[in-house]
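Here is the structure we will look at, set down as structure tokens.
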Amino acid sequence: MNPEYLTALILGGLTRGSIYALIALGYTMVYGIIQLINFAHGEIYMIGAFTGLIVSTVLTMHGMPGFGVVFFAAAAAIIYACCYGYTLEKIAYKPLRHAPRLSVLISAIGMSLFFQNYVLLAQTSNFLPFPGLIPDFEFWKPYSHVMSATELVIIVTTAIVMVLLTLLIKFTRIGKAMRATSQDKIMASLLGINVNQIISITFIVGSATAAIGGLLIASHTGQINAYMGFLVGIKAFVAAVLGGIGSIPGAVLGAFVLGLSESVFTGYVSSDYEDVFAFLILVLILIFRPSGILGRDQTQKV
Amino acid sequence: MRIFLFSLLFPACVFLMFSCGEKPADTIKLGVAGAHSGDLASYGIPSVRAAQLVVKKINAAGGVLGKQVELLIEDDACKPEIAGNTATKLISDGADVVLGHICSGATKAALGFYKDAGMVCMSPSATNPDLTFSGEYPNFFRTIANDAAQARLQVDFAVNVLKVKKVAILHDKGDYGKGAAELARGYFEDAGVQVILFEGITTGTVDYSAIVIKVNSLNPDAVIWGGYHPEASKIVTLMRKKNMDTPFIGPDGVKDATFISVAGEYAEGVYATGPVDISTNPMAILAGKEYQDAFGEEPGAFFDQAYAATLCLLNAIEKAGSTDYSAIVKSLHTHLTDTPFGKIKFDEKGDAIGVEFAVYKVENGVFTEHK
Amino acid sequence: MTSILDVKNLTLDFGGLRAIDHLNLTVNKGEIAALIGPNGAGKTSFFNCITGIYKPTAGEIFLTCRNGEKERINGLKPNLVTRKGMARTFQNIRLFSSMTVLENVMIGCHSITHAGILGAVFKDAATRKEEKYIVDKSYSILKTLELERFVNELAVNLPYGAQRLLEIARAMATDPQLLLLDEPAAGMNPTETRRLDDMILKIRDEKGIAILLIEHDMKLVMRISETIHVVDYGKKIGEGTPEEIRNHPVVIKAYLGEDIHA
Amino acid sequence: MNMPVLNEIKKSLIAAIWFMFLTFPIMVIKVNTITRTIDWRWKNMMYTGIGAFFLSAVWRYMLRRKEKNQNALEKEGLSIVQKILQVKTFSIPATVLLLIFAIVFPHLFSMHQTNIMISALIYVMLGLGLNIVVGLAGLLDLGYVAFFAVGAYAYALLNLHFGLGFWTVLPVGGFLGAVFGILLGYPVLRLRGDYLAIVTLGFGEIIRIILENWNEFSFGPAGIANIPKPELFGLDLSLSAKTIYLYYIIVLLVIFTVFVINRLTDSRIGRAWIALKDDEIACQAMGIDKAKTKLRAFALGATWAGMGGVVFAAKTAFINPASFTIWESVIILCTVVAGGMGSIVGVICGALLLILLPEYLRDFGQFRMITFGAVLVLMMVFRPGGMIENVRRTYQFKTGETNDIHS
């Protein structure tokens, strides 16, 4: 088919990819530190979106100008997501530091269920309309039929977040501590690193990215409900694994591979088997690179 | 071998803990089954509330056959495997008639049990044609028109009014959505309209731009959607943002206030079929008001249908003079009941006579019946 | 005297670094040979190479199998190598921690038994016979190595020296032609070491199993081994009887120094 | 007032304040975006505060107790339950009693109870099957439901097209399960831990999506209705009679499963699985074929799932892909881990508890799922090894060469 069709598909894929990436980042960070599939990560993202919605509605009703609303809503969403992430870790994971890894996984699943229904009961089971926080910028109008302003913002934000995270991990003291912890907890603690603190920080940072994701995606799809987190969570995790779980650029790369392949497949073949294709890609890549695209593969010492 | 010890000791403990003795009371037991938890709860809860409202009224007015009406509310989360248990629970608890289930799949799974137990089951929302057309379930009734009628209406509208030559059909791969979409496809092909795209999308996905781009490139005269409103609003929004003004026609799953509030300006001009407008029916207005007062929000999906169904069931028992199965069935077929949809009774297949569909169009923020 | 293991020009590269460099080595039937050299000389890598855990970059490995004919075994999976008759122990002890001493040895019998799923479920006569055979065989091996007093202990609760012996027992259960011992005496006190070389000799004499061992304890090496191979930086720098090695200039220079006369 | 008490109160207060802050937007504010109205539910905040105050105290107390017990456990080894299990004088009569209970059960309780007990027992079977894969061989499989679906559709379709009966299809379903187990297992055995988990998850989804889309084969989401229950010598049984019959079938199947798994764990193959879980390298050095052993576990696990699927189809009489979502896999995994990985008794308890609990929580109505989630978390926090932690039955050697296994 014609080239602009392909480009359109690719742009669509990019948006989807960045959405996955924003969530996958949180997964991969947490995994990197405590080798745990944080099943409840998707729920943190959902809670972020809800907080954003509530705050923004309240503010708009009290007649705050658009910009202020966006700012405060975003701030509140991020802060609350962080708090939830922190509490989640303290309640469901910290007491299990020395338990079998599967137990922690189950505990995470339990938390995910809990959060879903907590929001369901405290708020509503209905879909809620989410205000378009991102304005259709004037300068972007001419291109908006190719890619909406929101999509643009999503892609840009993802890029920024990823760069910031990489910087954080590579160059700051905390980042170094994180890397040390992920390599060897005991050694790290011997070197005077407060491991528990580092883990908490990781959860907080991860939750922050999730919240940003939540806000952007909600204002992209224009609606939220208590179950929005689960499926995205799974997809994001697939992306993280695809890229080599534990590696930040890996997560982003994996996310884009997933997003693009889904989009192009839908465009040229059929959306019926979109996910089948996504998972087949995963299987193929893992068969040839058992620890993901950018994952360092663990060879056992004999 | 002692391993089974626990496999068997355990249920014992469980039962000592939970087994609740059924207390016999001289009441009419109305079972209400549907999704009251899980992601489809929003389709089930309104019908529970409808039943509560109606029963409150009727009990205040002396009940049915001089007996008070008691509600047995059971959740099936719209899952077939759970629906089976729900059905047996209602049967064991001695329900006389059942209002439900909500989802067609769950209803199918449960009906067999009701049939064997000789119980009437009336759904406010299960629109799958087979339920009545297959003739397998003489005990099944519904206060909502079936998907076949709906698809027929959609297609006629698209062909005669919109004069479409080629259409794209999308669905959500769900029991309801895909079923509706296939019926529509069939009718379109009979009408000589070319179906250039028939694809299912994955619900809950964050972004549908790929499929929208695809539809755009094929540029059909209309897009037919089979599914519920959340996905519909996402797709419509994307279409309009990409400057596609192709007509969008959805089933009653789309005709929901939430759809408009979610899609906002982009909802304008969207067509959706739905039960004939009853906003002028005094009973409907009253029911809506009761709901507002009791639960402090707008009535949700299938509220009116459930309201009507409850009335029909109880009225049928009253007219039948007993809770005997065949008597109830007979009176459902013969006696008219006054409902928010006007006076209705049921044809031999179990579909409500007088509950029709109409095509609606979103005009400045409300679904207005398209004459 | 027929050889049981012939390694020709074995070479192994890790990325740029060459761990083993055109190494030639032969072990004869019923011989006790030692592989010595400074730390990081590539001894354990050599074991990993010939047992199939690492793939050699170049070179040939031939093993004389139970049926007596030579077979080229490089590139073979570790479990197949074991089945062909070459068993090993590990430098960093790798016992099955959740199992008892006896069970550890019973696992060793896996490669010489065949009971399948159906057998396991129906416990037919053949399977029961096999199970009994496994148990008896394992127990007798434990006896040979004087471990029978630990028979029902969990392997992890054994003293260090005993764990090393158990690794040997486990390896013997696979009915090897050739037994590779990776630092069997590491962490043992002198008396234990004494007992160890009796054991090794006993294994060789009673079962006729050839033995190739990596060891840093020169006393032990000199006492029991008939041939000694010296490697340094992955290269073979000397070979011969203990006597020859003692007076081998290159070897002394490269490695032994004076401590041998101590 | 002594110091520790004050201290506790202080901690509880902090917790209370923290949670009041945390739940503020979600619990207190409810915006109605359609009518654009807000209602402030300050009461909820109060409840949260009070709740958090006391619960946090309980929480800390429990944690402290748990630590104590752990230290105690390390000393005396086994927990009480495990001890009881060892005592023959108790276990044998109890087993008999329970068998009797199982037999009279459907006559004691209503058809509904029997019905949900059937679903519970199906999950027991699935749990035991998955336990082979996860508990014994240590492979994390998140796509287990796929084999369950294979079994269910095998019965539905074979019955629909060729009118094959329950008893014919039961083994076929098991066999198909095994075949799929090998097909799906083979390419991914190189993967470790979570990579394996996510790939198996993918396979599970693939199977479901295919069932959803391939109408010609599976009738798509509309599903297959009127799947017959097993016949008893062509007798025309009433629904409740059929249910009871099915109940006995599944009871027997469970007993059979337990028996087989018991035999396997005490066999050459079972030992190989345990060894593989302990140390792959050493395992291979002992001449054990890694891939083959893992595949065996996969295939065996899948077999039970397949048979479970057949029973499931017969029970619900209607199946569609919606019954085979990844959540099912997750729930089955929960039953295994929460029950106690590797421990047969544990898995059985886990399955019964986790499947019956939601059923009996029905009275909680909308609160049942949230309770379920909470229960999962608490169970893991306070009993990470599962309800009944697995103590491997080791082979005890008796001098005098007696070869009987006992603990």
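A few remarks follow.
- Intensity falloff of chain B expressed as log10 I(q)/I(0), Debye formula with alpha-carbon point scatterers, at q = 0.06, 0.07, 0.09 Å⁻¹: -0.25, -0.33, -0.54
- Shielding by partners - mean other protein chain Cβ count within 10 Å, residues of D:198-204: 6
- Efficiency of FRET from Cβ geometry, D:His107 and C:Glu226, R₀ 60 Å, rounded to 0.05: 0.15
- Ordering A:Tyr80, A:Tyr268, A:Tyr118 by the number of other Cβ atoms within 10 Å of each residue's own Cβ, fewest first, gives A:Tyr268, A:Tyr118, A:Tyr80.
- Protection proxy ranking of A:170-181, C:165-176, D:5-16 - average other beta-carbon atoms within 10 Å, highest first: C:165-176, A:170-181, D:5-16
- Cβ crowding within 10 Å averaged over residues, with C:51-64, D:124-137, B:357-370, A:197-210 ranked highest first: D:124-137, A:197-210, C:51-64, B:357-370
- With a 10 Å cut-off around each Cβ of C:110-119, the average count of Cβ atoms from other chains is 4.
- Loop chymotrypsin sites (Phe, Trp or Tyr not before Pro), the stretch D:214-256, which have at most 12 other Cβ atoms in a 10 Å radius of their Cβ (DSSP): D:Phe233
- Most mobile of D:Ser218, D:Ser329, D:Ser56 in a GNM of chain D (Cα contacts under 10 Å): D:Ser56
- Coil-residue trypsin sites (Lys or Arg not before Pro) of the stretch B:135-164, DSSP, other Cβ within 10 Å capped at 12: B:Lys163
- Among D:320-326, D:43-49, the order from most to least packed when residues are scored by Cβ within 10 Å on average: D:320-326, D:43-49
- Span per principal axis, largest first, for the Cα atoms of chain D (Å): 72, 71, 48
- Listed residues D:Arg60, D:Arg41, D:Arg268, most fluctuating in chain D (Gaussian network, C-alpha, under 10 Å): D:Arg41
- The stretch D:90-97 - phi-based ³J(HN,Hα) in whole Hz, Karplus 6.51/-1.76/1.60, Gly and Pro as x: 8, 5, 5, x, 4, 4, 4, 3
- Length-normalised contact order of chain B in % [C-alpha pairs under 8 Å, at least 6 apart]: 17
- Over chain C, the ratio between the Cα radius of gyration and 2.2 N^0.38 Å evaluates to 1.03.
- The stretch B:148-251: relative contact order in percent, alpha carbon pairs under 8 Å with at least 6 residues between: 33
- Under the Karplus curve 6.51 cos²θ - 1.76 cosθ + 1.60, θ = phi - 60°, whole-Hz ³J(HN,Hα) for the stretch B:83-90, x wherever Gly or Pro sits: 3, x, 4, 4, 4, 4, 4, 4
- Descending Cα extents along the principal axes, the protein assembly as shown, whole Å: 114, 81, 76
- Number of partner chain Cβ atoms within 10 Å, mean per residue of A:263-275: 6
- Other-chain or far-sequence residues with amide H under 5 Å of A:Gly246's (modelled H): A:Gly32
- Secondary-structure-derived ellipticity at 222 nm for the protein assembly as shown, considering helices only, amounts to -18500 deg cm²/dmol, per-run term -39500 (n - 2.57) for DSSP H runs with n ≥ 4.
- Summarising the amide proton neighbourhood of B:Ala358: residues at separation of 5 or more, or on other chains, whose placed amide H is nearer than 5 Å comprise B:Gly274, B:Val276.
- Across chain C, Cα pairs under 8 Å and at least six residues apart give a relative contact order of 26 percent.
- Sequentially through the stretch B:149-156, phi angles give Karplus couplings (6.51, -1.76, 1.60; θ = phi - 60°) of 4, 5, 4, 3, 4, 3, 5, 3 Hz, Gly and Pro residues having no value and appearing as x.
- With the convex hull drawn over the C-alpha atoms of the stretch B:148-251, the volume per residue is 81 Å³.
- Put the Cα centre of the stretch C:130-183 next to the Cα centre of the stretch D:289-346 and the gap is 37 Å.
- Within the listed set B:Ala287, B:Ala50, B:Ala117, the Gaussian network model of chain B (springs between alpha-carbon atoms below 10 Å) gives the highest mean-square fluctuation for B:Ala117.
- Around the amide H of B:His171, modelled in the peptide plane, lie the amide H atoms of B:Glu199, B:Gly200, B:Ile201, B:Gly226, all under 5 Å away and 5 or more residues distant in sequence or on another chain.
All of the numbers you see were taken from the coordinates with simple rules; none came from a lab. Keep in mind it's a predicted model, so treat the numbers as computed, not measured. No Cβ is skipped: glycine too gets one built from the backbone with ideal geometry, and neighbour counts run over all protein chains shown.
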